[in-house]
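First comes the structure, then the notes that go with it.
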Amino acid sequence: MAITADEVLLSTQLLQTNVPVSPRPELTYLTPKEADCHWQDPNGPWNNPGPAAGPFTADLGDGTTVTYYWYRFCRPAVRRHANLPEICVQNCSKVELIHANWHHTDEYLAPPSVGRIATLDPAVIVQPPAGLEIGYVPIVTRQEKSKSKVRVFVMAGQSNMEGYGTIEDAENDPGSLADVIRERDSTGEWSTLGQPGNWTVMDNVYLHFARNGETIKSSVTVGQELFQI
């Protein structure tokens, strides 16, 4: 449960305590299911009987990517490997009842009267493959730093997509970019573009325009026409 700073008891002195922060280690966490894990167990439960589906991946909000498989929640071979007592077998049927009747969007506990419930990264809520909705669970076998990605935006349109949109209108008609920023952007949604006469320049973006040859421009900013007629 999360609470605000003014709800913290002064006697705890938590607000005045310096919490040491260390850089997050960029180690890759592995299980014997992964081929590059130093310890392999071919006959262990990771591989025998093994997963029913996978691998799948999910990119988490902390900058890591997890690899996971769908395993049968309760199998005789798994129970033997783990030396689980008989009561765990009984719990298997309860888990299957939960899978069949409970949904993560439903509410099962009343909201707290104090503070707020901690939230989950939406990426950890995964959907099972068809046929594995009941009795199967996702098991993470690997967690590593996410690989860098390149975002490509395909812009489709007419002249405004080619850099010919109106930036400033000599007659001050509404609808120009300058008019939107000066008069209509009450929430600051457009502030990252800069201001007329002082537009933001982006050096990590490239524009590619194919017509009569190919044009690629860097140092992208407002009013940078791609195609000269």
Members of segment 127-149 found to be surrounded by 14 or more Cβ atoms within 10 Å (Cβ to Cβ) and among the aliphatic types (A, V, I, L, M), listed by number: L132, I134, V137, I139, V140
Qualifying positions in segment 6-20 - within 17 Å of S113 (Cα to Cα) and in a helix (DSSP H, G or I): D6, E7
Some residue of segment 81-94 being surrounded by 10 or more Cβ atoms within 10 Å (Cβ to Cβ), modelled with pLDDT of 90 or more and not basic (K, R): no
Cβ pairs under 7 Å, 6+ apart, first in segment 11-35 and over 17 Å from V140 (Cβ atoms), second part of a loop (DSSP other than H, G, I, E, B) and among the β-branched types (V, I, T): L14/V8; L15/V8
Some residue of segment 22-37 being among the hydrophobic types (A, V, I, L, M, F, W, C), surrounded by 16 or more Cβ atoms within 10 Å (Cβ to Cβ) and assigned to a loop (DSSP other than H, G, I, E, B): yes
Filtered residue count, segment 16-32, keeping only those that are at pLDDT 90 or above and out of contact with any Cys (no Cβ under 9 Å at 6 or more places or on another chain): 3
Residue in segment 136-159 that is farther than 22 Å from G61 by Cβ, at pLDDT 90 or above and assigned by TED's automatic domain parsing to the domain that holds F56 present: yes
Count of segment 106-119 residues which are part of a loop (DSSP other than H, G, I, E, B) and either at positive phi or surrounded by 10 or more Cβ atoms within 10 Å (Cβ to Cβ) (or both): 3
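For (1) among the hydrophobic types (A, V, I, L, M, F, W, C); (2) farther than 20 Å from P129 by Cβ; (3) modelled with pLDDT of 85 or more, each residue gets a yes or a no:
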{"residue": "D6", "(1), (2), (3)": "no, yes, no"}
{"residue": "E34", "(1), (2), (3)": "no, yes, yes"}
{"residue": "W39", "(1), (2), (3)": "yes, yes, yes"}
{"residue": "P42", "(1), (2), (3)": "no, yes, no"}
{"residue": "P51", "(1), (2), (3)": "no, no, yes"}
{"residue": "G54", "(1), (2), (3)": "no, no, yes"}
{"residue": "T67", "(1), (2), (3)": "no, no, yes"}
Matching residues, segment 57-74, being crowded, with 16+ Cβ neighbours inside 10 Å and hydrophobic (A, V, I, L, M, F, W, C): A58, V66, W70, F73, C74
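The values are calculated or read from the model by the stated rules, or taken from the named source; none is laboratory data. Predicted model only: the values in this text are computed from it and were never measured. A quick note on method: Cβ atoms are made from the backbone with ideal geometry, for glycine too, and the neighbour counts reach across all protein chains shown.
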